Structure formats: structure tokens, C-alpha cells
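Notes to accompany the following structure.
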Amino acid sequence: MENKNMLMIPGPTPVPENVLLAMAKHPIGHRSGEFSNVIAELTENLKWLHQTQNDVLMLTTSGTGAMEAGIINFLSAGDQVLVGNNGKFGERWAKLSKKFGLNVTEITAEWGHPLNPEDFRTALEADTNKEIKAVIITHSETSTGVLNDLETINKYVKAHGEALIIVDAVTSLGAFNVPVDEWGLDVVGSGSQKGYMIPPGLAFVSVSAKAWKAYETATLPKFYLDLKAYKKATDQDSSPFTPPVNLMNGLQAALQMMKREGLDNIFARHQRLTNATRAAMKALNLPLYAPDHAASTAITAVCSDDAEKIRSTMKKKFDIALAGGQDHLKGKIFRIGHLGFVGERDVLTAIASLEATLIELGHQGFTPGAGIAAAAKELL
């Protein structure tokens with residue numbers, strides 16, 4: 001059936017109808033007073049979502065652009081940084097940091113396992129000369145469904161005193177509690193096509209006072225991603241360059257929806273969906289790639305040698321898109337996204353369709369209906 005596609009991937013995520021309608025409005029001038037009012041509202045609501053009084057800046061780019069901005073605005077070539085690497089995106093930030101001439105020490109864990117906070121503590125405590133300038137962490141590792149212990153790692157960064165903490169919260173912001181001010185996070189980057197419930201094209205960076213101090217001595221070149229220009233414009237309810245007007249109209253509607261739901265309810269919903277999805281996979285005897293104690297509330301990775309057959313059948317038979325594995329995990333896992341505009345009905349539909357897919361592919365070792373029963377128990 002046409003136009004029945006259902007996204008159950010970690011991004012892009014489903015977009016609410018009222019957000020789509022907001023994006024369909026006729027464009028208005030981005031230097032108009034009317035649009036200044038939109039920017040003012042967006043800034044206020046982004047600070048609410050980030051739980052911060054810090055600057056939260058909007059960039060016309062992807063989440064990777066937000067992270068690049070987080071590096072080039074606050075660091076200089078030769079600076080020592082610690083980069084957590086336990087998946088595709090941790091690996092990307094290490095490559096990105098090296099590309100800009102940073103002195104990178106990688107703290108690693110096997111894919112599918114969380115980073116060990118004690119490895120950060122050891123490295124930071126050994127730095128008696130305070131030469132480490134930043135610690136870069138991927139909070140929710142989208143490639144594996146692992147949630148790293150940002151809160152504990154950040155405590156060790158704060159004890160160091162000198163280093164900034166730069167956080168990739170692309171799939172955790174809006175899906176998991178990230179209290180920026182309470183934890184004292186310095187730079188937090190995220191992207192629009194995840195928990196924000198709008199299409200790709202916008203990224204967000206929150207910046208602390210400590211990070212702005214580091215900006216004054218940072219020497220890496222920057223122009224389009226110069227965050228000081230964004231701060232100056234945002235303080236005047238404007239933008240330094242032409243922004244995606246219609247996408248920001250959608251963001252306005254999405255943030256209004258999120259405020260009506262409330263932060264606690266948003267986080268609780270994502271946790272319920274995670275619990276239901278993981279319980280269903282266990283009931284279907286499908287091994288989970290990430291451990292329960294470090295499970296992302298945005299994405300669940302599931303092990304199967306039939307991963308690509310499962311994805312193909314789900315798409316062909318039920319118009320449901322699941323994500324595949326990356327790099328050495330291609331064909332070894334499939335990933336179920338459950339963040340943003342996703343609710344109980346979506347998860348139950350995906351699980352029922354997965355059960356039917358397993359039956360069609362000849363899988364045995366599970367009782368038909370077991371996945372749905374396990375998920376319903378968690379949801380109800």
C-alpha cells in the first residue's frame with residue numbers, strides 16, 4: 001500500500017502531522033519581526049529541553065556538524081583530548097579530532113559494551129599538569145544501542161578542573177534525561193531528526209560559560225560554524241546566516257508538543273518503549289547486543305545472522321523500516337528505533353510484524369505471541 005511506510009530506525013524518525021503542516025506554511029522573511037518571534041520562542045523552549053540557562057544555538061547542519069562546531073570553537077591544534085570510542089560514532093569523533101590536529105588519546109571498549117568510567121578517572125587523575133583540554137563522549141552510541149555513563153564520566157572531568165566535557169547527545173537529547181546545568185555539561189550537540197521529531201537539517205549546541213572562556217583562546221579556523229556569531233545573532237532573536245525557515249516552523253510545533261507532554265513523561269515513555277522492546281526480543285530468543293544496564297532508550301540492537309533477511313522482509317511485507325548494522329556488524333544485527341514520535345502502538349505493531357517475519361523465515365525456538373505478550377506486560 002502506498003504511503004504506509006513506518007520508520008522504526010534511529011533517524012530520521014517519524015514526524016507528527018501538525019509538525020508537517022507547520023513546515024508546509026508559506027515561507028516568511030528570515031529577517032522579519034515575525035520570524036524573530038519564532039526564534040525567541042525556539043530559544044526559550046530549547047533551553048527548557050536542555051534543562052539549561054546556557055546558550056543553545058541552532059545550526060543548519062547535521063549532528064556531525066554540531067560536533068565539529070564543538071571541537072573547532074573551543075580547542076586548538078595540538079591540544080590533548082580524551083575521546084571515548086565504543087562504536088561507530090565514537091570512532092567518528094576520534095577521526096574528526098585527529099583531522100583538526102588534536103592530540104587524541106582514545107579510551108575504548110568493545111562494540112556492544114559501555115565505556116568504563118574508571119578508565120577516564122585514571123587518565124584524568126594522571127594528568128597532574130592539567131594538559132588534557134577536553135573529554136569527548138558519545139552518550140547514546142547509535143550503532144550499538146549502548147548508553148554510556150555520562151553522569152559518572154562527567155564527575156571525573158569536573159574533578160580534573162581544567163578539561164571541558166563535549167557531549168554527542170544526538171540520540172539521547174529528548175529520549176533520556178540530560179540535565180545540562182545540573183551536571184555542568186560544557187558543550188552538548190544534538191540533531192533534529194532524532195528526539196526532536198522533525199526532519200534532518202538542524203543541529204543544536206549548548207555552550208557553558210566555561211566553554212565560552214575556552215573559545216577566547218581557541219585557534220582552530222572557523223567561519224560558518226563560528227558559534228560566537230550564532231550567539232550574537234541569537235541574543236538578538238536572529239541568525240547569522242539564512243536559516244531553514246520552514247524547518248524551524250516545524251521545530252516550533254514539535255517543541256510545543258514536547259512541552260505539553262512534559263520532560264518526565266517524555267523520558268518515562270522512552271524507557272517504557274525500551275523495556276517493552278527488550279522484553280519482546282528476549283521472549284523471541286533473539287539476543288540483545290547491548291546489556292540491560294547500559295541500554296539506550298533510543299535504539300535497541302538485536303543479534304541475528306538473518307538480520308538483512310529480517311529487515312528486507314519487514315520492509316517488503318509490512319512497510320516497516322529497521323536499521324542494519326554498520327561496518328563489521330553489517331548482516332549481524334538489526335536495530336529498532338524507538339525515539340521521538342514513537343508510542344506504544346508503534347512498538348507493538350513492529351513486534352507483531354517481527355514475529356510474523358520470523359515465522360515466514362522459518363525461525364523456531366519461540367512461541368508465537370510471546371513477544372507481544374512480553375511487550376504488553378511492560379507497557380500495561
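Things worth noting here:
- Packing, taken as the mean count of other beta carbons within 10 Å per residue, orders the peptides 248-255, 115-122 from highest to lowest as 248-255, 115-122.
- Mean-position separation - Cα centroids, segment 95-152 and segment 8-64, in angstrom: 30 Å
- Segment ASN37-GLU360, length gained on full extension (0.36 nm per residue, minus Cα span): 110.9 nm
- The chain - share of DSSP beta bridges that are antiparallel (%, nearest 5): 50 percent
- Helix 344-360 vs. the chain, principal-axis angle (Cα, 0 to 90°, nearest 10): 50 degrees
- Highest-first packing order for the peptide set 301-309, 28-36, 167-175 is 167-175, 301-309, 28-36, based on the mean count of other beta carbon atoms within 10 Å.
- Helix 117-126 vs. the chain, principal-axis angle (Cα, 0 to 90°, nearest 10): 20 degrees
- Between THR122 and LYS317, the simple label model (points 7 Å from Cα in the Cβ direction) yields a spacing of 4.8 nm.
- Approximate spin-label separation LYS155-LYS228, in nm, with each point projected 7 Å along Cα-to-Cβ: 3.6 nm
- Karplus (6.51, -1.76, 1.60) ³J(HN,Hα), θ = phi - 60°, over segment 89-96, in Hz, Gly and Pro reported as x: 8, x, 4, 5, 5, 5, 4, 4
- Neighbourhood charge, 10 Å Cβ-Cβ cut-off, centred on ASN85 and excluding it, Lys, Arg +1 and Asp, Glu -1: 0
- Segment THR349-LEU20, length gained on full extension (0.36 nm per residue, minus Cα span): 116.2 nm
- Proximal charge balance of LEU288 [Cβ under 10 Å; K/R count +1, D/E count -1]: +1
- Net charge of neighbours whose Cβ lies under 15 Å from the Cβ of THR43, counting Lys and Arg as +1 and Asp and Glu as -1: -1
- Student exercise, segment 17-259 dipole from Lys, Arg, Asp, Glu Cβ charges, in Debye to nearest 20: 560 debye
- Each part gets one Cα centre, and for segment 160-218 versus segment 266-341 those centres are 26 Å apart.
- In the distance distribution for the chain, Cα-Cα pairs more than 38 Å apart total 19 percent.
- As a calculated quantity, the FRET efficiency between ALA373 and GLU2 at R0 = 35 Å, using C-beta atoms, amounts to about 0.60.
- Label-to-label distance for SER238 and ILE28 is 1.7 nm, based on points extended 7 Å past Cα in the beta-carbon direction.
All of the numbers you see were taken from the coordinates with simple rules; none came from a lab. Computed from a prediction, not measured in an experiment: that's the story for all the values here. Positions of Cβ are generated from backbone atoms using ideal geometry, with glycine treated the same way; all protein chains shown enter the neighbour counts.
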